[in-house]
1. Does B:Ser133 satisfy the condition of being closer than 24 Å to B:Ile366 by Cα and touching a residue at least 12 places away in the same chain (Cβ under 8 Å)?
2. Could you please let me know if B:Glu492 is touching a Leu at 6+ places or on another chain (Cβ under 8 Å) and among the charged types (D, E, K, R)?
3. Report the residue count in the range A:18-32 for those that are facing chain B (nearest Cβ under 7 Å) and assigned to a helix (DSSP H, G or I).
4. If you take the residues of the range B:191-223 that are among the basic types (Lys, Arg) and away from chain A (no Cβ under 14 Å), which of them is farthest from the chain's Cα centre (by Cα)?
5. Within the range B:301-308, identify whether any single residue is part of a loop (DSSP other than H, G, I, E, B), more than 30 Å from A:Lys30 (Cα to Cα), within 14 Å of another protein chain (Cβ to nearest Cβ) and among the hydroxyl-bearing types (Ser, Thr, Tyr), and answer yes or no.
6. Tell me, which helices (runs of 4 or more DSSP H) wholly within the range B:38-139 include 1 or more residues that are of a type in the set (D, E, K, R)?
7. Within the range B:131-146, can one find any residue that is among the β-branched types (Val, Ile, Thr) and within 18 Å of B:Leu420 (Cβ to Cβ)?
8. So which residues in the range B:132-157 are under 18 Å from B:Ile122 (Cβ atoms) and of a type in the set (Val, Ile, Thr)?
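Values quoted throughout were computed directly from the atomic coordinates according to the rules given, and no laboratory measurement underlies them. Keep in mind the model is a prediction, meaning the values are calculated, not measured. Here Cβ is always computed from backbone atoms with ideal geometry, including for glycine, and neighbour counts include all displayed protein chains.
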Amino acid sequence: MSMSAAILMVAVWGIIIALCVFCFYKVFSKKD
Amino acid sequence: MPQVDLTGGALMSKGREQWGTKLGVILAVAGSAVGLGNFLRFPTQAALGGGGAFMIPYLVSFLLLGIPLMWVEWSLGRKGGEYGHGTAPAILYKITGSRFIKYFASIGIIIPLLILFYYAFIESWSLAYAFFSVSGALTEAAGKNELAEFLHGYQGVVSNQYFDSIWLAYGFFVVTIVVNFYFIYKGVSSGIEKLSKIAMPILVVIAILLVGRILTLGTPDPLKPDQSVMNALNFVWTPDFSVLLESKVWLSAAGQIFFTLSLGMGVIMTYASYLKKSDDIALSGLTASATNEFCEVILGGSLIIPAAFIFFGQVQTVQIAQSGSFNIGFVTMPNIFANMPGGPVFASLWFILLFIAGITSSVSMIQPAVAFLEDEFGFSRKKTVLIMFGLTFLACQPVIFFMKYGFLDELDFWGGTVFLTIFATLEIVVFGWIYGIDKGWKDLNEGAEIKIPSIFRFIIKYISPLFLFILLGTWTYQMFIPTIMMKGVPDENRPYIWGARIFILAIIGVMMYLIKITTEKRPEVSK
């Protein structure tokens with residue numbers, strides 16, 4: 001896999017996963 | 001029926017349904033957003049739009065259009081719910097006092113209905129194909145390279161050795177709409193929320209299993225060492241930065257964000273109307289959007305295009321990407337699964353995935369009309385469900401029987417593209433300019449469990465509307481006018497296209513009349 005493809009994929013996946021983790025952490029850490 | 005609150009002067013929504021839990025509403029909105037497009041449309045748009053480079057305009061659109069509009073819809077919806085309204089005409093009339101906007105906003109109920117009328121049929125194909133995957137029918141057709149014939153026979157487009165009539169497809173369609181209306185009948189919390197809380201995790205697990213299967217294929221054909229997983233991912237993600245200079249790629253990315261988040265449909269507004277005034281929308285809206293992006297980019301992006309590359313190579317993959325969503329979902333993918341060990345199992349998982357993605361979206365498309373009848377006419381759930389079931393059943397008939405003449409595509413054009421873009425533009429202009437960004441921003445931050453960066457105040461007022469006007473303008477010129485003029489449409493299809501347009505106009509007419517009656521039934525109490 002080329003360097004640029006790998007960097008892009010890791011960066012985009014990282015941003016999305018980080019956003020999901022952040023959001024769900026905040027959701028579950030608050031009581032309903 | 002909503003009661004007048006003598007202490008506050010506002011109509012309080014006593015007896016109106018509410019979401020049971022925060023997670024429930026998030027998964028319901030995410031379910032509405034995550035649909036067939038996440039797994040069929042996004043990967044092809046990205047593959048044709050510069051591979052990895054497509055993610056740049058895509059993420060920019062997510063920030064400047066997707067997220068702002070998502071928050072605006074949640075905010076307008078929750079506001080409407082305070083006054084016992086769950087649909088755009090009443091909500092926007094309440095906050096603007098404009099009769100013109102009230103009638104214009106009827107498209108916020110019409111859009112999801114128009115889409116539902118064809119989406120339900122497509123969703124039923126997924127259910128059928130899940131059965132065909134395990135019954136062996138699909139494997140047999142794949143072996144003879146006749147999956148396209150199989151699909152066309154099933155759809156009733158032709159009569160062939162696989163299907164001599166449309167009646168099996170019709171049967172699956174009836175089952176599908178009965179299942180949809182079952183969840184609607186159970187209500188917001190016991191029906192839609194419960195469905196979403198079960199269906200969404202299952203969807204993610206199935207998708208992860210399929211992605212895992214694809215990414216562990218290695219190089220299935222030793223005679224074609226170039227067709228490997230690594231090269232497949234390389235194909236998907238290698239950036240062609242030159243495409244960033246092409247406006248069509250920016251338009252395609254913006255359009256994809258728009259459609260994937262179910263924006264401009266009125267469904268999120270309806271879902272948000274079942275929130276309490278103090279419920280957070282900032283975190284919930286962001287979470288639902290993030291979930292959609294996870295399903296789209298990470299899961300959707302790792303399925304059909306890498307799989308097609310591994311089995312068919314680069315040149316054919318590009319052709320496949322250009323061949324359209326139905327072809328990819330119901331012809332190419334079964335073909336791919338037929339080529340791997342355990343094919344029938346993975347094929348059935350794929351179609352179950354599509355069905356789950358479909359049903360969580362289709363129930364959301366029914367709910368605005370249900371909310372309209374319940375909130376504005378005071379109909380009981382049972383009465384509403386019976387009316388809507390009957391109406392949906394009838395309205396789907398021309399879609400099913402006239403599919404080959406372009407009836408479906410015409411509904412998709414108006415409901416799924418034109419009205420959507422117009423409605424989203426209306427929403428954001430009302431929120432930022434008519435209702436006013438000061439009040440809007442305050443509403444948005446009410447109950448917020450995250451701090452929304454203040455730059456979004458500027459983005460919502462100036463950037464998102466500008467973005468939408470550019471989209472609207474460009475698409476009108478490039479897409480709408482040629483389609484309205486029926487450029488390239490075969491003569492035999494034209495009567496059906498006109499039929500679809502008359503059908504749409506009739507629905508608009510009826511909706512406008514119903515809105516007129518509701519205003520007379522419930523004259524607005526002063527704020």
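1. Spelling it out, it is not the case that B:Ser133 is closer than 24 Å to B:Ile366 by Cα and touching a residue at least 12 places away in the same chain (Cβ under 8 Å).
2. Criteria not met by B:Glu492.
3. 6
4. This residue is B:Arg213.
5. The answer is no; no qualifying residue exists.
6. Result: B:67-82, B:88-96, B:99-104, B:107-135.
7. In the first step, residues of the range B:131-146 are kept if they are among the β-branched types (Val, Ile, Thr); the result is B:134, B:139.
With within 18 Å of B:Leu420 (Cβ to Cβ) added as a condition, the list becomes none.
No, that holds for no residue.
8. Once the filter is applied, which keeps residues that are under 18 Å from B:Ile122 (Cβ atoms) and of a type in the set (Val, Ile, Thr), the range B:132-157 yields only B:Val157.
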